[in-house]
Structures are given as C-alpha cells and as structure tokens.
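Written out below as structure tokens is the structure these notes cover.
The values are calculated or read from the model by the stated rules, or taken from the named source; none is laboratory data. What you are looking at is a predicted structure, and each value in this text was computed from that prediction instead of being measured. Note that we place each Cβ from the backbone using ideal geometry, even for glycine, and neighbour counts take in every protein chain shown. SASA here: full protein model, heavy atoms, side chains in, ligands and nucleic acids out. Shrake-Rupley method; radii C 1.70, N 1.55, O 1.52, S 1.80 Å.
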Amino acid sequence: MTSAIGADTLPELVLKTTPPRSPRHLLVRRRLSLDDERFRDRQVIVVQAPPGFGKTSLLAQWRREMLAHGAAVAWISSDEHTDPSRFLQTLAYAVRVGCGKPAFGRTLFEGSAPSAGEFEGATAWLAEVAQTSLNLVLMIDEAERLPPGAFAILSYLLHNAPPNLRLVVAARSSVDRVVTDLCTYGQCVVVAAEQLRFRLDETLDVVRNRYGTRVDTDSCARIHEVVEGWPLGLQLALAALDAGEDPRTLVEAMSARVGSYPEKLLGAFLQKLGAEDAAFLTRISIADLLHPDLCSALTDLPDSGDRLARLSRDIPIFVSGDDSEWSRLHNLARDALRARFAELPPHEQAELHSRAMRWLESHGMLQEAARHALAAGNGDVAYGLAEQCLYDAAMQGHVGMVFEWVEFLSDTELDRRPKLRLAVAWVLSLSERYVEAERLVARILQDPRVDVGLQYECALIRSGAAFFADDPDRFIAFFEPWTEIWPQHEPRLQQLHANRRALIAILRGDPALARRELQQAPRLGEAYAYPALWAEFTGGLSYLWEGKMRLAEETLRGVSTKADDSLGRRHPMACMLAALLAVATYEGGRVDEAAGLLANRLDVLERTGTPETALLAYRTAARVAAAQGVEHRALELLESLFTIGVVRNMPRLCIVSLAEQVRMHAGRFRSETCRALTKRIDEIATREEGQHGPVWLRMVELLRVVAHANAAIAAQDWGTAADVLTRAVPLADGLRLGRSSIEIMALRAYALDRNSEHGGELLREALDLADSYGLVRVFVDAHPAIAAWASEFSAEGGPQQRLQRNVVVARAVRPRPVGTHADAGGPRVIPSMVLTPKEREVLELIARNLSNKEVAQAMAVGEETVKWHLKNLFGKLDASNRKHLVRRAQILGLLEDGD
C-alpha cells in the first residue's frame, strides 16, 4: 500500500484520516444524539458555527455512536493545501482506514482515474462505495478550509451520495449555502451555533464529571450564565480551575464583569485582531445589540457591514439569531472591549454615545437610546425618552430595565413625569422595595385629578406591594373593593384582575376556584405575555397548594422553559416559576433536577420573588442538601431563610425556617434542640399575634402546631404527638394544603402505632393519596422511621404501594456520572462493521495483554487460528505489531478503555 501511494504522501494522508482523540471528559450530549428525530433519517448533516462551539467534539460523539451501531466511519480533517486530486486520494484512504479495506480506491492512487476532470474521480469513488454495500459514514471536519476545487467535489458528494453513504460535515461557514436544496427536500439538517451552546444541565454534567463536589451547583450555574453556554468559554473557565483557582473566587471574578478577568479569558482572541478590527470592535461594544447600519453610524466606516460579517464568521465572540441581521457580542467579549472603550478620551466616548442615541431613537428603540443619552451627559433627553418607553417595559416584564433607571431618578424628576412614576411604582411593588412603592402610590393618590382608572391601577400596585410584603390580609383588603369591577377596555388589566382574584381564592383555601378565575380571563396575544405568565404561575401555585405535584409539573414545565428563554434565567418571573417547579420535581423524587432548577437563583428570589416562592425555594434547597447527605448545608440554608425574614420584616419566613429545623432534628430524635426551636417559634407567634389578620394567623398556626408535634415525636412522647397532630388536621384541611394533610396523616399513623394504637389503616390511606398526587418524598421527609415503616408495611399491599416502596427505597441511590459504564473491568471493543466478531474478540483479548496461547485458550481455538485473525487485524488497521494494533484501534475508536 505504501509503494502505491508514495512514501512522501502516506504520512500526510495518515494524519488527515486519523480522527482526533476524544477528550477524557467528553460530554455525551443526549439532546444532540443521532438517535434524535431531527437527525435519524437525514443523509447529510452539517454542523456550522464559529470556532469554539464544540463542532469537532460533537463529531467525535457521533462517530462513537455510529461505530456502536455497527457502521463504518471514515474521517477527514481538511486543510488549505488539498487540491482536487489529493482530496480524492484522501477520500479513498479514509475509507481504507475506516472500513479496513486496504485495496479500496486503488485506481485513484495508481493514476488510472479519468483525467478529464475530478468529478469523474468522485463518481468512481461514489460507485465503489455503493459496491461495497457497507453502511458507511463519511465525516469531514473543518470543511471551510478546503480550496475551491476540493470544495466543489465535496458539494458533488453531498448531492450524489448513494443510499449506503451518510455524510457529516463540520465547518465555520459556507457549507450551509450548498445544501439549501437538500434541506428543502428533507435530506439535510444544519446544526448551528445556538443549538451547540451548552444548556445548564450539560454544564452541570461537565463540571461534576470533572471535579465532583469540588464545585457546587450554584457555582456551576454562575459559570454557565457568564459564558452563556459557549463551549470554549466553559473550557477556558475550567482551565482556570485546573490551574488551581478557587471555584468561588473564579466565579466572583467572572461575574463581576470588571477588572481584567474578561480580558484574561479572551486575551488570545483579542490579541490576534488587527489594529483596525480592534478599534472597530471597541467602538461598537457600547451597543447591546448590533446591526450593520448601527455599526456604520458609530464608526463612519463604509465597510462596517462587511467587517461585522467577517468578524462574526472568524471569531467566536458574537451571538446571532437565525436569518437576522441583528447580533450581539458575547458578554465576556463585550465587557473586555468596554474596558478598552473606557480608556478612550471622554469627548470621543460622549460622541459615540450620541451617535448611538440618534440612530436608536430614529429606529424606535427608545430605551436603548435613553441609556446612551444618559451616558452622553444629556439627562433631559434621556428622561424624556425613558418616560415614553419604561411604562410599557414594566408591563411587559422588563423589570431589570426599569430598575436600572430607578437609581438615576430623583423624586423631583418623578413628580415631573407621572407615567414614569407609575412605572417605577409597579416594579418596586414587586420586589423587596415594596415600601417605596406604597409611598409613590400615596403621592399619586394625593392628586385630586386622579380618575377611577388610575385609582384602580393604584389598588393593583398597593395589593401587589402587600403580597410581596407577606401580608396576605392587607393584600385582600386593598383589592377586595375592586374585585367585582372588571376593567372593560384594557385586556392587560383584565388578566391582572383575574390573577388577583385567583390569588385571593388560594389564600382563602380554595385553589380550585382560583383556577376557575384564571379560566375566565380573556386569551391575550404576545403583547400581553407577561400577565399571562403570572396566570400560569398562579395556576401552578394552586396545584402545589393542594399537593398535586404531577399536575403542578405539567402546568409549570413548559412555561418555565419559555420564561427562561424569553426573559432570561435570572429574571424574577423565571426564578419564581423555577422555584415552584423545583418543589414539584423534588417531591417527585428527582433531587438533582430540583437542585439544578434552583441553582444561582436564590438571591434573585430573596430580592424580587414573592415571599411564598422565597420560602419554598430555600426550604426545597435545604431538603435537597439533606437528601444529598449535607446536613450542615441544609441548616445553613434555613438560617439564611430566617435572616431574610428578619431583614425583610417577614416573621412567617422566620417561623418556616425554625419549623423546618424542628422537622430535621426530630428525624434524629434530638429532643432538646427541638424544644428550644419550638420555644423560639412560640415567642415570635406571640409577639406578632395582634399585628396580622386571620389568613396570616391560620398559616402560622399550622406551622406552629406541626412543629410542636415534631418536638413531641423527638421526645418520643407519642400520646402528646398524636393529640397535637389531631389539632393540626382541621388547619391543613381548611387551607386545602394537600401535602401537609398527607404528612400529618402519616405522622399521626406513626404516633398512634408507637403508642400501641392502630395506625396501619391511616398509613395505608396516606400511601394511597401520596401515590395519586405524585408525592414520592413526603414520608422520607416527614420522618425516616415513617419511610422505613412504609416500605415494610407496603410489602403486603397492592401494586401502588409496592411502587411507592420501590421509590422510597431508591431515595439513597445516586445517579452514575454521565459517560461512565456499568462494566468498567477492562478494554472493550466497540461493535463495528470494520471487524468480524472473531476479530473483535481477539482484539479485546490482545488489549488485555494475553499471549497468543492464552487468547487461543480463552476462545477455544488453535493458535494458528489466532495468528490468522491477527494477520487480518494488522492489515485492516495498518498495524505492524500487537502494541501498535491496540494503539491504532484506540485511535480509530474501535477500542475503549474500561477505566
């Protein structure tokens, strides 16, 4: 074979057709598996994205998948020096290596291929592939590097592939243009940069597999959000961790977006820029969104559009949507470039901001224009633009945008601009700054010219402020006078009206009525998406209130993903929906999923979440930590919840924290600790007794009574525990708190049983209800002894009880890290069409360092048979000895290590 190709050519072809070694911690991206419906029947797959998006890694994953399915895989790494003739030889040699066919494409090497044109050679290659009848996959990486002649052959192959040939092409650009017709007819699919970005669960898998528990879930989530799912950005961050940086210190430096860290991470890219490109990027970095015309207005360069397109293609620091001229800089790149912008002379900075302001205003982008006017020092223009747009921004849920302006707006300025004042009041009311919102509303209502419509809107704001102040009785009192007065001419207010009525129904213990109220609201379009999200939130909360976790998850799953995508993962609404969904997934037994949903969100919920979502999130996070065996972390989270209650003057949060600590300690029969905690609960409840209405008092009384019952259980005072729990039953039932009712039922059954009374039937009923509602963890969390008793008790029951027992027993089973194998006992040969079953068996035994005699004994064949198989293996894999054979098999992906 060497003599036919030429001694000077063989090394080059070997390098081009040898697939790159898979990284040790290669993430198996299941959502991008070739078994997915998007790829299953596509003959051509194109992966096109800028550098740093993991194209080669994805091809490596697909190569392993194809080999595991028995396909033969040929690999080509492209370069700029491949003329058409050499490209055809590379194609032939790739099939020789990938299929173990040393004679394939002989005519292309011997010079007997048609010389009238390279397409004849490509036709001959395709015909020989078809004749092999092999299931062949050709993978071509970095296809954009091919010269025009070789690229034309690639296009020819894509459009004329026989049925037994599948082509997978990775490139930075250009390939999508030649497969447009194939995509139209459903023969090709293009995977773009946005699809290659890591999702949070993928980032968590990468970091956990690499560092285990060294990096906590919150830090993983923060790294993910800073790098925006950019695979290379994550790789750079992990390289810093490998260099010994403390995870929390690294995360703080990356999140701060000031100082030298963005420049440190992206220095290699930015240093490669020419002076003109660097200046161009520095000046356009002030714009959050980029458009070719905006870049022209900023830089006065006639080639701004072409320059932007070239840079977007060549360096991986841009984020762009499909079929849109708009793009933006990656946050890390933007921060690094804005640090350079800050070094420009002040007059030049002001001029660039003024240019941006004029262009954006003329194109109706008023909020962005206002921000640039403020940066240019033109305050009056900035406030005027802000007044025109911020009210609508607040109504559409862009609360962060409004909050950015709050610090710049004085009371005098707000009094001059009533619509701006109303927008600020709205966003402040839905945060920890609800007191400021009430003050603004009071100033609005002092004006004698206030009409009924504005009075109604002020009632909405005041009731919202009371809800965020954890004062449900004031919430009801502020809005109740308006409950029967439906706003007739404003669809947005109609949805808000229904949402308020539904929340009142939940607080009064009628979640079913709440859902009915929501159903009566008009169906609105995308312009009213934010009030509709509040409706979905309220509907999900109503199911959680009743303990119906399966229905809650069905309601919340899709809308939570939608909120993450449309508003951002750390938007208050996205965080509140995630908090509710985390409760449902945790109660369903998916502890790690609940942890991922809450990761890097607790601080947002603390500042801008409703009190209910804040306490649910912290309590769920504590239960997750306890389930993972980290009790000190669970107690730390509960202490944080107590502190939030003190700082925000929300005593119910303090009581929830203490009651949850009582439950945890009762599970270990720590009676003195429970006694001290219940004393603190009683002191708070007594102090607050005359300061709250009946709704708040009922919720707190239930917490207090159950805490006392748990303290009695910790002291093993079973009679008292049963009596106290009996008092808790009407409280939970009155509020329609389904999970609490089932937990109280299980605790009563346990106390009765320990008190030599019959509690079995009560436990059976609790088991049946928990199974119906999807409450997997309720007995584990109520008390470990109840979980153990339930598993024994249900062994005699029906299939539902046995299912419950299996789930309870499975609580201690930790998931195996992604990418590991159940059998990791040694080298393993991947099934493939390249090798026969006997050849695979010989290769695996050779990889285990067995001699020919030992291989023969293991296979129950003669040594000559083993030698004959070895000869075939040497030929197929182009190896010269046993060690070389094993190494070649590993390089080609035919042999995996078992460790």
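The rows are residues; the columns are (1) open to solvent by less than 70 Å² (accessible area, probe 1.4 Å); (2) part of a helix (DSSP H, G or I); (3) not small (Gly, Ala, Ser).
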position	(1), (2), (3)
673	yes, yes, yes
676	yes, yes, no
690	no, yes, no
695	yes, yes, yes
699	yes, yes, yes
708	yes, yes, yes
720	yes, yes, yes
(request) Show the residue pairs that are 6+ apart or on different chains and have beta-carbon atoms under 6 Å apart, the first residue being within region 641-655 and open to solvent by 10 Å² or more (accessible area, probe 1.4 Å), the second being in a helix (DSSP H, G or I) and hydroxyl-bearing (Ser, Thr, Tyr). (result) 642/657
(request) With the condition kept exactly as written, say whether any residue in region 544-557 is under 14 Å from the mean Cα position of the chain (by Cα) and surrounded by fewer than 21 Cβ atoms within 10 Å (Cβ to Cβ). (result) yes
(message) Here's a check for you: in region 74-92, which residue that is more than 16 Å from residue 126 (Cβ to Cβ) and either assigned to a loop (DSSP other than H, G, I, E, B) or hydroxyl-bearing (Ser, Thr, Tyr) (or both) is most open to solvent (accessible area, probe 1.4 Å)?
(response) 81
(message) Looking at region 11-52 only, could you name the residues that are in a helix (DSSP H, G or I), open to solvent by 60 Å² or more (accessible area, probe 1.4 Å) and modelled with pLDDT of 85 or more?
(response) 30
(request) May I ask you to say which residue of 210, 177 is of a type in the set (Lys, Arg) and under 30 Å from residue 81 (Cα atoms)? (result) 177
(request) Need at least 1 residues that are of a type in the set (D, E, K, R) and at pLDDT 95 or above per element, so show me which helices (runs of 4 or more DSSP H) inside region 532-608 make the cut, counting only ones lying wholly within it. (result) 549-567, 572-587
(request) Return only the number of the condition from (1) under 40 Å from the mean Cα position of the chain (by Cα); (2) more than 27 Å from residue 588 (Cβ to Cβ) that residue 769 does not satisfy. (result) (2)
(request) Could you please give the count of residues in region 722-731 that are under 40 Å from the mean Cα position of the chain (by Cα) and surrounded by 23 or more Cβ atoms within 10 Å (Cβ to Cβ)? (result) 1
(request) Please work out if residue 151 is at pLDDT 90 or above and either open to solvent by 40 Å² or more (accessible area, probe 1.4 Å) or under 23 Å from residue 94 (Cα atoms) (or both). (result) yes
(message) What's the number of the only condition in (1) over 19 Å from residue 287 (Cβ atoms); (2) free of Cβ contacts under 8 Å to residues at least 24 places away in the same chain; (3) not in a helix (DSSP H, G or I) that residue 397 fails to meet?
(response) (2)
(request) State which residue is nearest to residue 662 (Cα to Cα) when the search covers only region 611-640 and only residues that are open to solvent by less than 40 Å² (accessible area, probe 1.4 Å) and among the charged types (D, E, K, R). (result) 623
(request) Give the residues of region 824-873 that are open to solvent by 40 Å² or more (accessible area, probe 1.4 Å), part of a helix (DSSP H, G or I), closer than 18 Å to residue 893 by Cβ and touching a Lys or Arg at 6+ places or on another chain (Cβ under 9 Å), sorted by residue number. (result) 844
(request) Look through 480, 484 and report the one residue that is assigned to a helix (DSSP H, G or I) and more than 25 Å from residue 575 (Cβ to Cβ). (result) 480
(request) Tell me which residues, restricted to region 53-73, are under 26 Å from residue 100 (Cα atoms), part of a loop (DSSP other than H, G, I, E, B) and open to solvent by 10 Å² or more (accessible area, probe 1.4 Å). (result) 69
(message) Between 680, 739, which is open to solvent by 40 Å² or more (accessible area, probe 1.4 Å) and assigned to a helix (DSSP H, G or I)?
(response) 680
(message) Every residue in region 109-140 that is at pLDDT 85 or above and not in a helix (DSSP H, G or I), please.
(response) 135, 136, 137, 138, 139, 140
